[in-house]
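The values are calculated or read from the model by the stated rules, or taken from the named source; none is laboratory data. All values reported here derive from a predicted model rather than from experimental measurement. Cβ placement follows ideal geometry from the backbone for every residue including glycine, while neighbour counts extend to all protein chains displayed. For the accessible areas, the whole protein counts, side chains as well, though only heavy atoms, and no ligand, DNA or RNA atoms are used. Shrake-Rupley method; radii C 1.70, N 1.55, O 1.52, S 1.80 Å.
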Amino acid sequence: MNELNRKTAREAVELLRTRQVSPIEMVDAALERIEETDGSVNALPTVVAERARQHAARVERSPISSSDSRGYLYGLPIAVKDLKDVAGVRSTSGSLVFKDRIAERSDLLVERIEDKGGIVLAKSNTPEFGAGANTFNEVFGKTRNPWDTRLTCGGSSGGSAVALATGQVWLATGSDLGGSLRIPASYCSVVGLRPSPGRVPHGPSSLPFASLSVDGPMGRTVGDVALFLDTQAGTHPLDPISLPAPANAYVEAVDSPKRPRRIAYSPDLGIVPVDREVRSVCEAAVKLLQSSAVTIAEDCPDLKDSEEIFQTLRAAQFASQYGKHVDAHSDLIKPEVIWNVEKGRALSSGEIFSAELARGALFERTAKFFTQYDILLAPTVLVPPFDIDQRYVTEASGVKFETYISWLITTFALTLTACPSISIPCGFTESGLPVGLQIVAPRGREDMLLSAASIFEEMIGLTNVVPVDPIVRHHADSG
């Protein structure tokens, strides 16, 4: 592996800023690593090498700006999840409906990244329309976990997480409705941050006021994610809920962190049994934090009605977004998406009103909870990575799940709070599979979240475990 591929994003950006390395050299290093590894994991099925080289040449010719450099990437190659359009590039959303579609313009997020010196090198794989937390589709196939290629990498930002874990790129975009930034981060031992709604502008969108789905950054370290959030954050006139960038850069919260004083931990968020090994790994990490003179109380907000709320609001959103595609192309769309659209169409106005009112009450309970605590800790996912050929988890710890998204409850319950949350690596199961710890901060306090995450990351000490060479195993393998 080229030593450039082992660099953190912040290290690589510093080399680019000081012109110790050129953007084209970084593109070539990434392409070489993709060639070495992607045949085993299928993380980046759409690579745009020539477009990236042309952009790198333009960046290299540009003078180094002395103006506000917050979040500037100076020619760093990145991957964009295949739910986001990149002008002139194949953009499929993982669906046969769009398998040959070429985007005419870029998403607002992509425009912002390129304006900040990021170079789009590839599109990362995603399940169809980002639905489900196992990254497979009928266009590009399955994306495999680099820690054991027999297993899922999670989803829906699975291709982004795998590209980071294998050293193909230094930063990648993700999106999150029910856990799509956090779950693959947990399963691949990288970092994924779901920001507060509005923190990262999105669109153009047919649902510009929607607040369940957000875009956000992924990286190998908390510092890298803070850098990429600085790249992405800020207002945009086409996003009516977009928020201004904070007065201080997010990387400052990482570089000068403040230890949280009041921390809560819940092994299960009071809503679902968590796998024994996952629980054990997370509790060991929490004990490590406690041994560093941090006081942690076992507590969490009341989230007991979160599944009914989320299932209702998600279904309504799916019916709005994807109903027309189901009507026109039901033979091309996976059954889980069709079920979700049909569920949304069957909802009564009373059910939607009740879900919105219940979400409001849940938000108020959470806000009150954060008057007592600075940070909440919990396992990111309730089970370790599972067989890639299993479409979704149907049962865990004796609990049977009714739908294909029910098992995501440890992340989607927190989606409803509108609070920022991040998954950081916290350990491995006995068979060597990654486990993530989810950290949650009050709404709008990404600075507090990143500050705490950087402290915990240092204490846990797993920042050097990635990038890895894919561990290629077949179902006949015993180990």
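Remark: the chain carries 37 Å² of accessible area per residue (probe radius 1.4 Å; ligands, DNA and RNA excluded). A viscosity of 0.890 mPa s and a temperature of 25 °C, combined with the Kirkwood radius over C-alpha pairs in the Stokes-Einstein formula, give the range 236-338 a diffusion coefficient of 131 µm²/s. Could you tell me which of Leu83, Ala30, Asn42 has its Cα farthest along the dipole of the range 1-115 towards the positive end, charges placed at Cβ (Lys, Arg +1; Asp, Glu -1), taken about the Cα centre? Looking along the dipole axis, the top candidate is Leu83.
Can you pull the percent of the range 232-303's accessible area that's carbon plus sulfur, 1.4 Å probe, other chains left in place?
Working: 1810 of 3650 Å².
It is 50 percent, rounded to a whole number.
Seen from Ile263, the other residues with C-beta closer than 12 Å to its C-beta sum to a net charge of 0, counting Lys and Arg as +1 and Asp and Glu as -1.
The heavy atoms of His474 offer some 120 square angstrom of accessible surface to a 1.4 angstrom probe. Taking Rg and Dmax of the Cα atoms in Å as calculated from this structure, the corresponding entry among (1) 29.8, 98; (2) 20.6, 61; (3) 27.3, 92 is (2). Rounded to the nearest whole Hz, the Karplus-based 3J(HN,Hα) values (6.51 cos²θ - 1.76 cosθ + 1.60, θ = phi - 60°) of the range 5-22 follow the sequence 5, 7, 5, 5, 4, 5, 5, 5, 5, 5, 5, 5, 4, 8, 6, 7, 9, 9, with x at glycine and proline.
Remark: relative contact order (the range 242-335) = 30 percent; criterion is Cα-Cα distance under 8 angstrom and separation of 6 or more residues. Helix content alone sets the calculated 222 nm mean residue ellipticity of the chain: runs of n ≥ 4 DSSP H residues at -39500 (n - 2.57) each, divided across all residues, give -11500 deg cm²/dmol.
Over the range 339-479, what is the relative contact order in whole percent, taking alpha-carbon pairs under 8 Å and six or more residues apart? All intermediate terms of the calculation are to be shown ahead of the outcome.
On the way: 131 pairs, mean separation 32.1, N = 141.
Across the range 339-479, relative contact order equals 23 percent.
Counting only protein heavy atoms and a probe of 1.4 Å, the accessible surface of the range 360-479 is 48% carbon and sulfur.
With contacts defined as alpha carbon pairs under 8 Å and 6 or more residues apart, what's the relative contact order of the chain in percent? Write out the running numbers ahead of the final one.
On the way: 1135 pairs, mean separation 85.2, N = 479.
After rounding, I find 18 percent.
Solvent-accessible surface (1.4 Å probe) assigned to Ser256 amounts to roughly 80 Å².
May I have the convex hull volume per residue, in Å³, for the Cα set of the range 372-440? Kindly include the intermediate steps, with their values, before the conclusion.
Details: hull volume 8.5 nm³, N = 69.
For the range 372-440, the hull spanned by Cα atoms encloses 123 Å³ per residue.
Converting phi to 3J(HN,Hα) with the Karplus coefficients 6.51, -1.76 and 1.60 and the offset θ = phi - 60°, the range 375-380 yields 9, 10, 10, 6, x, 6 Hz in sequence order, with x at every glycine or proline.
Around the amide H of Thr46, modelled in the peptide plane, lie the amide H atoms of Lys123, all under 5 Å away and 5 or more residues distant in sequence or on another chain.
Computed as a quarter of the hull surface, the mean projected area of the alpha carbon convex hull for the range 286-325 stands at 5.0 nm².
Report the Cα centroid-to-centroid distance between the range 105-147 and the range 421-479 in angstrom, as an integer. Rounded to whole Å, the Cα centres lie 20 Å apart.
Going by average Cβ neighbours within 10 Å, how do the peptides 189-202, 328-341 rank, with the highest at the top?
Output ranking for 189-202, 328-341: 189-202, 328-341.
The H on the amide N of Val120, modeled in the peptide plane, is under 5 Å from the matching H of Ile78, each at least 5 residues off or on a different chain.
Which of Lys123/Lys324; Lys343/Lys368; Lys84/Lys116 have a Cα-Cα distance over 21 Å? Numbers along the way, then the final one.
Numbers: Lys123/Lys324 25 Å; Lys343/Lys368 33 Å; Lys84/Lys116 17 Å.
Exceeds cut-off: Lys123/Lys324; Lys343/Lys368.
The HN-Hα couplings worked out from phi for the range 344-353 by the Karplus form 6.51 cos²θ - 1.76 cosθ + 1.60 (θ = phi - 60°) are x, 5, 7, 5, 8, 4, x, 5, 5, 4 Hz, whole numbers, x standing for Gly and Pro.
Lys and Arg at +1, Asp and Glu at -1: add these up for the other residues within a Cβ distance under 11 Å of Leu238 and post the number. Mind showing how you got there, number by number?
Numbers: positive: none; negative: Asp107, Glu111, Asp239.
Its environment carries a net charge of -3.
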